[in-house]
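Participant: Got a structure here, written out as structure tokens. Questions coming.
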Amino acid sequence: MPPANGVPAALPGKKRRIGVMTSGGDAPGMNGCVRAVVRMSIARGCEAYGIYEGYEGLVQGGKLIKQMKWSDVRGWLSEGGTLIGTARCAAFRERPGRLQAAKNLIVHGIDALVICGGDGSLTGADILRDEWQGLLKELVSNKELNQDQVEPFKHLNIVGMVGSIDNDMSLTDATIGCYSSLSRICEMVDVIDSTASSHQRAFVIEVMGRHCGWLALMAGVSTGADFVFMPEKPPSENWEAQMCSLVSKHRKLGKRKTIVIIAEGAQDRSLNKIPPTKVKDLLSNELGLDTRITTLGHVQRGGSPCAYDRQLSTLQGVEAVQAVLDATPETPTPVISVIENKIVRKGLIEAVKATHEVTNAIKAKNFDRAMLLRDAEFVEYYNTYLMTTATDQPRLRLNKEKQMRVAIIHVGAPAGGMNSATRAAVAYCLSRGHTPIAVHNGFPGLCRHHDDKPLGSVREVKWLDVEGWASKGGSEIGTNRGLPDEDFAQTAKCFELYNFNAVFIIGGFEAYTALSQLRTARSDYPAFEIPMALLPATISNNVPGTEYSIGSDTCLNALVGYCDAIRQSASASRRRVFVVETQGGKSGYVATMAGLSIGAMAVYTPEEGIGIRMLARDIEHLRQSFAKDKGESGAGKLILRNELASKVYTTEVIANMIAEEAKGRFESRSAIPGHVQQGGTPSPMDRVRAVRLAVKCMQHLEEYAEKSRDEVVADKMSMSVIGIKGAKVVFGSMKDLESTETDWKARRPKDESWLKLKATVDILSGRPKPEDCCENCGKAK
Ligand code: ADP
């Protein structure tokens, strides 16, 4: 419809013109947001407008506000930074600037605005929302627009998304970009670690975070740093002596390196900045350590987003469009958040207010309150870090009668984070006075034990044994697929021989099966009448009782890296389709989430299977999209196929079918990344979650320390699985999970929470739905 009086008429029905902008400091994942908002808007019949250069684009208007089409955001998921630009805009801080911004929105007919930015940007959004009615009145009264023109824009919908590497926004567990930044930091610390160890040096590593210590703390947890400084939790008054004593204790125990992580905004309790130089001088002068400072700087901002940021930005972008469509004039302005594993909407005003309160509490030196105002997860990580770092903490030590001998055992294939979890469990046990015992090479290792040899497969673990495991991939104590039922009697005998009081199992579906067997065998073998907890760890993420297994994020990152590389190789030859085979057993989780993270054209899972019509439809879709492609996009297309999605339509068969049907107009190749998917170094997300969940498991086991065997047996939670379900971390009783949530045949949970995400992958890649196509030939109706 032609613009009436310079303002385009509103779109019919509930359809909107949705503006999307990125603002403030750039963060990896911002492009994923824009892609999701643009494509979801178009899929819902709306129009999408890119507002370039943040608020500057809104204030200046003109060429900085452009309608965006489906193909404009092709390939954006893997790009770092923000492709629509960001800028600091002083003009928007003043009312005349915001008046101009309001006019520009109306002139373009934009009636909804999705903003991805940090605390400052969302504060700005909140002010615009607050002033909106007044701005419209002013535009009419000073005759820039007339009443008829502003009438359809009485309600501007604003939706916030938090893009920030610092993770400094309240009411969300993670901001878009923070895990990519953490990955970069951990990569660097891992590099520094080896040189530090070689020369027995100390390193003081400065990371970003002027007001928020999330990056510093999480880097500390992920890398097993000796000391962490952060703004909202200054160290105690005598921190100099405390740090020196801790570091020298670690050195005396045999540690060859010292890593101190310091946030940019680190300060003492009187708000005096603690500069890295001060820490370095202390370590050099007081302890005589050869100490260096490394300031990581802008490398922390850059680079391609990690798998999690691609998922988060995509799912939040989708949710933001949904929030726009759901909005009524009464709906409070939302910010899209994530709590544990759940995307939720929170009040933008509340989130901005709570974030400012943290800053105010810090300024007022009320540090306990500042910590409280951060999310609960943050405080938990802090406590976990302290518990697993310091070696000698008499106040944490339990009475003798509460101390247990805890067996730690890995079962099944290795997964990223198994070692981090083991290290945390051992450190926790030592600080509480328990005896951690590593069972090497799983249940078969236990049964083949040599109690007469010092290095048998059942060994008490010391702090130094595990100290360097925070960032190690694989399984240091060895893992094995063997199950207890291979020799129940011998397993029980060993439990008794080594006097296990509790068992901590780390592993995937095999580990789950092992725990189930031990539970059912309890009636025959009293040795199993002790508390046991399972921490799910598998790249397939197919353990009932949790939506997330450690190792799955590492796997996704490996797969995403692999697919990015493949896609790039296709850019030279254009018009090429890759069919990539993923692992995952009978669970399509890995394929689907990787598909979401790379923007796969189609994902084939065992849950859905593959049919001839589905293939015909997808091949026809490929044919049409290559026909439209004038060569402007060099990006290849990717199809992900889980290894067990179909017996007949193997990866190679599908690639060949595509090649045959393409009739020379495009090419097709198959690719199998195989064990690359187990990942090398575990991702920081797997590391930090491994630490947190392992400590929770230990605390859970500890609850049974003084209980009688009868009490343990009577309590169904004495054998349980820790999991992240929706917005919560929960323990599920093995007994209940076995009977109600397990699909034993398919080796996966009955109800897989991620299944609904498949539709999102399809929508965002423009894959036609069955009902949109002709039944037989797959052509669009
Ligand atoms: P971040 O969003 O990463 O916290 P900034 O604090 O620099 O980054 O904010 C980005 C932009 O948001 C600013 O350049 C400004 O245009 C706008 N902005 C920030 N704070 C306000 C405010 N109080 N009022 C109006 N606009 C603001």
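Participant: Can you spot a residue in region 82-95 that is over 22 Å from Ser337 (Cα atoms), away from the ligand (no atom under 13 Å from the Cβ), touching a Gly at 6+ places or on another chain (Cβ under 6 Å) and open to solvent by 10 Å² or more (accessible area, probe 1.4 Å)?
Facilitator: As a first pass, look at region 82-95 and keep what is over 22 Å from Ser337 (Cα atoms): 83-85, 87-95.
Those left that are additionally away from the ligand (no atom under 13 Å from the Cβ): 83-84.
Retained after the next criterion (residues that are touching a Gly at 6+ places or on another chain (Cβ under 6 Å)): 84.
Imposing the further condition that a residue be open to solvent by 10 Å² or more (accessible area, probe 1.4 Å) reduces the set to none.
So far as region 82-95 goes, no, none of its residues is over 22 Å from Ser337 (Cα atoms), away from the ligand (no atom under 13 Å from the Cβ), touching a Gly at 6+ places or on another chain (Cβ under 6 Å) and open to solvent by 10 Å² or more (accessible area, probe 1.4 Å).
Participant: Out of the residues in region 663-692 that are over 26 Å from the mean Cα position of the chain (by Cα) and modelled with pLDDT under 90, which is least open to solvent (accessible area, probe 1.4 Å)?
Facilitator: Ranking the qualifying residues of region 663-692, first place goes to Phe666.
Participant: Same structure again: Gly50 - would you say it is among the small types (Gly, Ala, Ser) and either within 21 Å of Val335 (Cα to Cα) or away from the ligand (no atom under 15 Å from the Cβ) (or both)? Show your work before the answer.
Facilitator: On the way: among the small types (Gly, Ala, Ser): yes; either within 21 Å of Val335 (Cα to Cα) or away from the ligand (no atom under 15 Å from the Cβ) (or both): yes.
Criteria met by Gly50.
Participant: Inside region 386-470, counting only strands (runs of 3 or more DSSP E) that do not spill past its ends, which hold 1 or more residues that are open to solvent by less than 10 Å² (accessible area, probe 1.4 Å) and among the small types (Gly, Ala, Ser)? Don't jump to the end; show me each part of the working.
Facilitator: Numbers: elements: 405-411, 435-439, 458-460.
Once the strands (runs of 3 or more DSSP E) in region 386-470 are filtered for at least 1 residues that are open to solvent by less than 10 Å² (accessible area, probe 1.4 Å) and among the small types (Gly, Ala, Ser), what remains is 405-411, 435-439.
Participant: Can you tell me how many residues in region 125-173 are out of contact with any Ser or Thr (no Cβ under 9 Å at 6 or more places or on another chain) and of a type outside the set (Val, Ile, Thr)? Break it down into steps so the answer makes sense when it comes.
Facilitator: Going through region 125-173, the residues out of contact with any Ser or Thr (no Cβ under 9 Å at 6 or more places or on another chain) turn out to be 127-128, 130-154, 156.
Still in the list and also of a type outside the set (Val, Ile, Thr): 128, 130-139, 141-149, 151-154, 156.
Counting residues in region 125-173 that are out of contact with any Ser or Thr (no Cβ under 9 Å at 6 or more places or on another chain) and of a type outside the set (Val, Ile, Thr) gives 25.
Participant: I've got another one for you. Out of Ser181, Ser198, which single residue is open to solvent by less than 10 Å² (accessible area, probe 1.4 Å) and either in contact with a strand residue (DSSP E or B) (Cβ under 6 Å, 6 or more places away or on another chain) or among the polar types (S, T, N, Q) (or both)? Before the answer, list the steps.
Facilitator: Details: Ser198 fails: open to solvent by less than 10 Å² (accessible area, probe 1.4 Å).
Of Ser181, Ser198, the one residue that is open to solvent by less than 10 Å² (accessible area, probe 1.4 Å) and either in contact with a strand residue (DSSP E or B) (Cβ under 6 Å, 6 or more places away or on another chain) or among the polar types (S, T, N, Q) (or both) is Ser181.
Participant: Of Gly134, Gly118, which residue is out of contact with any strand residue (DSSP E or B) (no Cβ under 6 Å at 6 or more places or on another chain), crowded, with 19+ Cβ neighbours inside 10 Å and not basic (Lys, Arg)? Write out each step before concluding.
Facilitator: Details: Gly134 fails: crowded, with 19+ Cβ neighbours inside 10 Å.
Of Gly134, Gly118, the one residue that is out of contact with any strand residue (DSSP E or B) (no Cβ under 6 Å at 6 or more places or on another chain), crowded, with 19+ Cβ neighbours inside 10 Å and not basic (Lys, Arg) is Gly118.
Participant: Right, something else. Does Ile165 satisfy the criteria of being assigned by TED's automatic domain parsing to the domain that holds Gly24 and open to solvent by less than 10 Å² (accessible area, probe 1.4 Å)? Let's see the steps before the verdict.
Facilitator: Working: assigned by TED's automatic domain parsing to the domain that holds Gly24: yes; open to solvent by less than 10 Å² (accessible area, probe 1.4 Å): yes.
Against the criterion (assigned by TED's automatic domain parsing to the domain that holds Gly24 and open to solvent by less than 10 Å² (accessible area, probe 1.4 Å)), Ile165 qualifies.
Participant: Same structure again: Between Val228, Val260, Val221, which is free of Cβ contacts under 8 Å to residues at least 60 places away in the same chain and closer than 15 Å to Ala390 by Cα? Explain how you work it out, then say what you get.
Facilitator: Values: Val228 fails: free of Cβ contacts under 8 Å to residues at least 60 places away in the same chain; Val221 fails: free of Cβ contacts under 8 Å to residues at least 60 places away in the same chain.
Step by step, each of Val228, Val260, Val221 is checked, and only Val260 is free of Cβ contacts under 8 Å to residues at least 60 places away in the same chain and closer than 15 Å to Ala390 by Cα.
Participant: I've got another one for you. Just to be sure before I move on: is Ile205 within 15 Å of the ligand (Cβ to nearest atom), part of a strand (DSSP E or B), in contact with a strand residue (DSSP E or B) (Cβ under 6 Å, 6 or more places away or on another chain) and β-branched (Val, Ile, Thr) in the structure I sent? Lay out the reasoning, then the answer.
Facilitator: Working: within 15 Å of the ligand (Cβ to nearest atom): no; part of a strand (DSSP E or B): yes; in contact with a strand residue (DSSP E or B) (Cβ under 6 Å, 6 or more places away or on another chain): yes; β-branched (Val, Ile, Thr): yes.
No; evaluated as a whole, the condition is false for this residue.
Participant: Determine which member of the set Gly163, Gly213 is under 30 Å from Gln133 (Cβ atoms) and within 24 Å of the chain's Cα centre (by Cα). It would help to see each step written out before you state the result.
Facilitator: Details: Gly213 fails: under 30 Å from Gln133 (Cβ atoms).
None of the others qualify; the one that does is Gly163.
Participant: For Leu145, state whether it is open to solvent by less than 70 Å² (accessible area, probe 1.4 Å), more than 12 Å from the ligand (Cβ to nearest atom), in a helix (DSSP H, G or I) and touching a residue at least 24 places away in the same chain (Cβ under 8 Å).
Facilitator: Working: open to solvent by less than 70 Å² (accessible area, probe 1.4 Å): yes; more than 12 Å from the ligand (Cβ to nearest atom): yes; in a helix (DSSP H, G or I): no; touching a residue at least 24 places away in the same chain (Cβ under 8 Å): yes.
Against the criterion (open to solvent by less than 70 Å² (accessible area, probe 1.4 Å), more than 12 Å from the ligand (Cβ to nearest atom), in a helix (DSSP H, G or I) and touching a residue at least 24 places away in the same chain (Cβ under 8 Å)), Leu145 does not qualify.
Participant: State all residues of region 667-699 that are polar (S, T, N, Q), outside any loop (DSSP other than H, G, I, E, B) and closer than 21 Å to Gly474 by Cβ; if no residue qualifies, say none.
Facilitator: Here is the first cut: in region 667-699, the residues polar (S, T, N, Q) are 668, 670, 677-678, 681, 683, 699.
Now narrow it down to the ones that are outside any loop (DSSP other than H, G, I, E, B): 668, 670, 677-678, 699.
Answer for region 667-699, where residues must be polar (S, T, N, Q), outside any loop (DSSP other than H, G, I, E, B) and closer than 21 Å to Gly474 by Cβ: Gln677, Gln678.
Participant: Among (1) within 32 Å of the chain's Cα centre (by Cα); (2) of a type in the set (Asp, Glu); (3) assigned to a helix (DSSP H, G or I); (4) under 27 Å from Thr22 (Cα atoms), where does Asp130 come up short?
Facilitator: Of (1) within 32 Å of the chain's Cα centre (by Cα); (2) of a type in the set (Asp, Glu); (3) assigned to a helix (DSSP H, G or I); (4) under 27 Å from Thr22 (Cα atoms), only one is false for Asp130: (1).
The values are calculated or read from the model by the stated rules, or taken from the named source; none is laboratory data. None of these values were measured; they are calculated from a predicted model. No Cβ is skipped: glycine too gets one built from the backbone with ideal geometry, and neighbour counts run over all protein chains shown. Side chains are part of the model used for accessible areas, which takes the heavy atoms of the whole protein and leaves out ligands, DNA and RNA. Shrake-Rupley method; radii C 1.70, N 1.55, O 1.52, S 1.80 Å.
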